[in-house]
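Below is one structure, written out as structure tokens, with a few remarks after it.
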Amino acid sequence: MQQNKKLLRVLCSLLAAALAAWCTVLLCRWVGYDLQERLGNTPSYEIINDDYSQIIDIPAEGLTQAMPLKAGQPFYGVRFKFSTYGQLYKSGMTMVEAYNEAGDQILFAAGNFLNIWDDTFTEFTCNEAYIPDHDETLTIRLYNESAWDGPLGVWASEGEVSGMPLSVTDGDNLNATMAMQRVSDFTGSWPAALAARLQKPLAAAVFIAVLLAMLHAPLYLFVPAVGLALGVTFTYVTPALVAPDEYTHLAAAYELASTWSGQTAADENGNLLLRECDAAHFGTKTGDIGILAYKNEVIAETSEPGSPDALTTHSEVKAGQGSGSYLAQALGIHLARAQGQNFYTMLLCGRLANLILYLLLAALAVWLAPTSLRGLFACVALLPMPLQLAASLSPDAAVLGLVFSFTALCLRLRGEKAVWWQKILLIVLGGLTAPGKAIYLPVILLCLLIPAENLTYDGNPTVKFLGEELPGGCCIHAATLVLAFCFWLAANLNAVAYAARDMNTTVLVTAAAAAAVLLVLALAAYLKLHKRPKVFFWCKVAFAAVLVVGAVGGVYAVSHMGGGLDPDQLTMTYPNGDSIWTFSFGYICRNIPATVKLLLRTLPEQGALWLQGLLGTTLGEPIVYRIDVSWLLGVGLLLAVLAAALPRQDEPALLGRRSKAGTAGICLCVVLAVLAAALNWTPINYQTLFGLQGRYLLPILPLALLLVKSSKKLALRRDVSHAAALCTSTLTMLTLLQGFGLYAAWQPVS
């Protein structure tokens, strides 16, 4: 009986998953149909002759027009400006044929009374472009296949435009040139075809998500399986070089791949050396978007030639742009280059390698997390923003995976005794996480939430420090913190020095040394006096007083430290009006009121955008393109992650009062570090922060949700982890579909 119930459950799950996948296919088809109706069969054109001052009637023999075409220019057809002499015709058929110099027909199209209007350009197109490999002159013939019920003429110039004679077919030269335009690109049926590409990965994502959720499969299997299908779809949806800062990440990963191949990556001027087939694509800081950009990218993936992995071409792209982890991206690029693949295939391989690394780390984080937190980590990992970053070349994907894994391990070890491999993993993850991005160093303090007893080795339960017996686990704490700080300092020392560029370095180093000494003294005092309550109380009061005096004195000293800008320097700007000076630590301390005003103006103006960037409902690089999906999807994603964060009624609190305060303090430190980093690249004449994006706060989202889970103000009767993960996956799928439609329909604001 029990076995029959299990079989019935599996069958019902398969049926529900198949139904959900079928609905997804229908939804993709609707998106394709809608885009085809709005964007299909739309030309993009170039003016060939804009001189029209007479009307020439189309004779029975037809007209023959010469049109020059340069090598490499795509020819999808032509547009002529017709005249019906103010009449609305009911019948008639006009044919247009085009031939290349070899006599091959490259265009055959027709126009009737339904699409030819008075004094209006009408296009005659084909679905596939003709692209000559040398300059040539096309021969275009225009004639009436069936008679019109009135005269039909075309606009032309009075006098021949050089190299473009117009004549009666097999007859006299008319000493004129038709007003015409070359159709340089054509959407055709591509909107529907491109939407159809999304059907398989999205249907697979929904099928797997529904099946695994209904069967309550482990979430550490749910995340990589569903995330892979959704991430692959992101590689289709996000056009080339449109993901956040992808041009910089491409240069860094490409340089590393060149080093692995044993070649010199840059020339004597510090510019990257490239393969011949990649040269045309480098230096593009932001890729194109729109339906034609999608179309041309897909065509180039299969038709653009590759080249051997030989760096023969110089570029204007500087080497040494990357400072993050590009190991996965460089591996994908290296493998593609070794096989001689073209640029777009190489870019795709780099993206997929980055996606796989992120999903492995995300799955590790879900597996390491306590059982009650696995749904929370799964939902955060499957949000649109981390998947979009992972499906690009961004090193933030690896940083996210490492921070998630480190956070999950710290929370797990709060409630259980660590085995040997967990201690090693804690130190390794801390060491790898710290240098990833300077602003996430405070996250390493999470290891202090682990009771030292849980990290203690049974054979050596205590160690001596300053004459006091301490749990052996304190050595793990110390090793994690010291290793992380050393790696962080090695990776970010230059960035810190730049942020403090207008401050006295000697004073700063002295202050840092004094702070370190004070910390050691405070630790020694704690070890000696914490068992003597009265003395310890007054020691805490004295320590707090020293901190207050030190903080006030430090702010006063820094605010009066040299390096201020004189009036002439304050007015120095670039041609676009931006000040050449940005907020540094010294400038912030000397202008605290101005800094506070800037932050207060920023919050109401950009707060909603930060939330969108955190969830991923703003796609691409928002500084360049604002691709915002429906706010309903944002609300749904927010509710899904909050549902995963709500505790069950029978669930014990994960954090005590002090632990919650410490977790909140870590979150606050990261937020302040993010604000400081954003100020560091904001010109001083700006009224709001420049370049601050919500995705910078993604690594601490699980910690913020942990505070919600520990509050116990609102509790659930049963676990909803799988349901929340399924909702998040579904909403991410809808974000992908709408984002694709918005990318495809993008029109620049004039």
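The values are calculated or read from the model by the stated rules, or taken from the named source; none is laboratory data. Bear in mind that the values here come from a model prediction, so they are computed numbers and not experimental data. No Cβ is skipped: glycine too gets one built from the backbone with ideal geometry, and neighbour counts run over all protein chains shown.
Okay, here's what the table says:
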read-out: Residue in the stretch 6-29 that is under 33 Å from the mean Cα position of the chain (by Cα), loosely packed, with under 13 Cβ neighbours inside 10 Å and on the phi < 0 side of the Ramachandran plot present; value: yes
read-out: Residue among Leu714, Leu655, Leu737, Leu707 that is touching a Leu at 6+ places or on another chain (Cβ under 8 Å) and closer than 18 Å to Gln612 by Cα; value: Leu737
read-out: Residue under evaluation Ala213, criteria (1) part of a strand (DSSP E or B); (2) farther than 30 Å from Leu142 by Cα, criterion not met; value: (1)
read-out: Selection within the stretch 706-726 - surrounded by fewer than 23 Cβ atoms within 10 Å (Cβ to Cβ) and either at pLDDT 95 or above or touching a Phe, Trp or Tyr at 6+ places or on another chain (Cβ under 9 Å) (or both); value: His722
read-out: Among residues of the stretch 691-725, those that are over 30 Å from Tyr625 (Cβ atoms), assigned to a helix (DSSP H, G or I) and touching a residue at least 60 places away in the same chain (Cβ under 8 Å), counted; value: 8
read-out: Members of the stretch 88-109 found to be touching a residue at least 60 places away in the same chain (Cβ under 8 Å) and small (Gly, Ala, Ser), listed by number; value: Gly92
read-out: Test result for Ala71, in contact (Cβ under 8 Å) with a residue 12 or more places away in the chain, closer than 22 Å to Ser184 by Cα, exposed (fewer than 14 other Cβ atoms within 10 Å of the Cβ) and out of contact with any Lys or Arg (no Cβ under 7 Å at 6 or more places or on another chain); value: yes
read-out: Selection count, the stretch 340-380, where residues are touching a residue at least 24 places away in the same chain (Cβ under 8 Å) and more than 20 Å from Val720 (Cα to Cα); value: 22
read-out: Selected residue [more than 30 Å from Asn41 (Cβ to Cβ) and either of a type outside the set (Asp, Glu) or touching a helix residue (DSSP H, G or I) at 6+ places or on another chain (Cβ under 9 Å) (or both)] from Gly290, Gly306; value: Gly306
read-out: Of all residues making up the stretch 672-681, the number that are crowded, with 17+ Cβ neighbours inside 10 Å, touching a residue at least 24 places away in the same chain (Cβ under 8 Å) and under 21 Å from the mean Cα position of the chain (by Cα); value: 3
read-out: Answer residue from the stretch 605-639, given it is in a loop (DSSP other than H, G, I, E, B) and crowded, with 23+ Cβ neighbours inside 10 Å and is modelled with the lowest pLDDT among those; value: Gly620
read-out: Residue in the stretch 286-307 that is in contact (Cβ under 8 Å) with a residue 60 or more places away in the chain, in a loop (DSSP other than H, G, I, E, B) and not aliphatic (A, V, I, L, M) present; value: yes
read-out: Residues satisfying the stated conditions in the stretch 324-348, i.e. of a type outside the set (A, V, I, L, M), part of a helix (DSSP H, G or I) and touching a Lys or Arg at 6+ places or on another chain (Cβ under 9 Å); value: Gln329, Gly332, Arg337, Phe343
read-out: Residues located in the stretch 150-201, provided they are in a loop (DSSP other than H, G, I, E, B) and within 19 Å of Ala109 (Cβ to Cβ); value: Leu152, Thr169, Ala179, Thr187, Gly188, Ser189
read-out: Test: residue in the stretch 725-733 that is under 28 Å from Leu449 (Cα atoms) and of a type in the set (A, V, I, L, M, F, W, C); value: yes
read-out: Number of positions in the stretch 430-444 that are in contact (Cβ under 8 Å) with a residue 60 or more places away in the chain, in a helix (DSSP H, G or I) and crowded, with 19+ Cβ neighbours inside 10 Å; value: 5
read-out: Filtered residues of the stretch 267-298 (kept if among the small types (Gly, Ala, Ser), under 20 Å from Ala336 (Cβ atoms) and surrounded by 14 or more Cβ atoms within 10 Å (Cβ to Cβ)); value: Ala279, Gly287
read-out: Residue that is nearest to Leu198 (Cα to Cα) [pool: residues in the stretch 299-328 that are crowded, with 18+ Cβ neighbours inside 10 Å and either modelled with pLDDT under 85 or under 21 Å from the mean Cα position of the chain (by Cα) (or both)]; value: Ala328
read-out: Unmet requirement for Ser83, which otherwise passes all of (1) under 30 Å from His216 (Cβ atoms); (2) at pLDDT below 90; value: (1)
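Condition check ((1) crowded, with 19+ Cβ neighbours inside 10 Å; (2) of a type in the set (D, E, K, R); (3) within 23 Å of Gly103 (Cα to Cα)) across all residues:
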site: Ile140; (1), (2), (3): yes, no, yes
site: Gly150; (1), (2), (3): no, no, no
site: Gly153; (1), (2), (3): no, no, no
site: Ser167; (1), (2), (3): no, no, yes
site: Asn175; (1), (2), (3): no, no, no
site: Met180; (1), (2), (3): yes, no, yes
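A quick yes/no check of all residues on (1) among the charged types (D, E, K, R); (2) surrounded by 22 or more Cβ atoms within 10 Å (Cβ to Cβ); (3) more than 24 Å from Ala644 (Cβ to Cβ):
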{"residue": "Gln339", "(1), (2), (3)": "no, no, yes"}
{"residue": "Phe343", "(1), (2), (3)": "no, yes, yes"}
{"residue": "Leu347", "(1), (2), (3)": "no, yes, yes"}
{"residue": "Ala365", "(1), (2), (3)": "no, yes, no"}
{"residue": "Arg374", "(1), (2), (3)": "yes, yes, no"}
{"residue": "Pro386", "(1), (2), (3)": "no, yes, no"}
{"residue": "Ala390", "(1), (2), (3)": "no, yes, no"}
{"residue": "Val399", "(1), (2), (3)": "no, yes, no"}
{"residue": "Leu402", "(1), (2), (3)": "no, yes, no"}
